[in-house]
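Some notes on the structure that comes next.
Just so it is clear, none of the values below were taken in a lab; they were calculated from the coordinates. Quick caveat: nothing in here was measured; it's all calculated off a predicted structure.
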Amino acid sequence: MKKLLYLFLTVLIVACSSDDDSNATACLGQEELIEQYTNAVLDFTTNPTSTTCQAYISSLELFIQCAEGVSAAELEEYQDFLDNTDCSQF
C-alpha cells in the first residue's frame, strides 16, 4: 500500500509541475486525465476491491499513454508497477 501511495504522489507531482515548453496539444484533457487518475487512486486506497483496483489500473494505463512531461524512466516504472499488480488479490 505504501508503494501505491508513493507512486500516486510521484505521478501527482510530475503531472502538476509546470513546463512552459510542453506540447499542450499532444494529449487533450490533461487536467481531466489527472483528475480521473487521482480519483481512482483515492477510491482504491480507501476501498481496496477488485473493482477499484481495475479502475485504478485503467486510469494508470491511460495516464501512461497520455501524460505530458513524464520521463521514459518514470513511464517504465509505472509500467513495471502495472505488470506486477494483480487485482484478483482483492
HN-Hα couplings for the range 67-74 via Karplus (6.51, -1.76, 1.60; θ = phi - 60°), in whole Hz with x for Gly/Pro, come out as 5, 10, x, 10, 6, 4, 5, 5
Using modelled backbone amide H atoms (1.01 Å from N, in-plane), which distant-in-sequence or interchain residues come within less than 5 Å of GLY69's amide H?
none
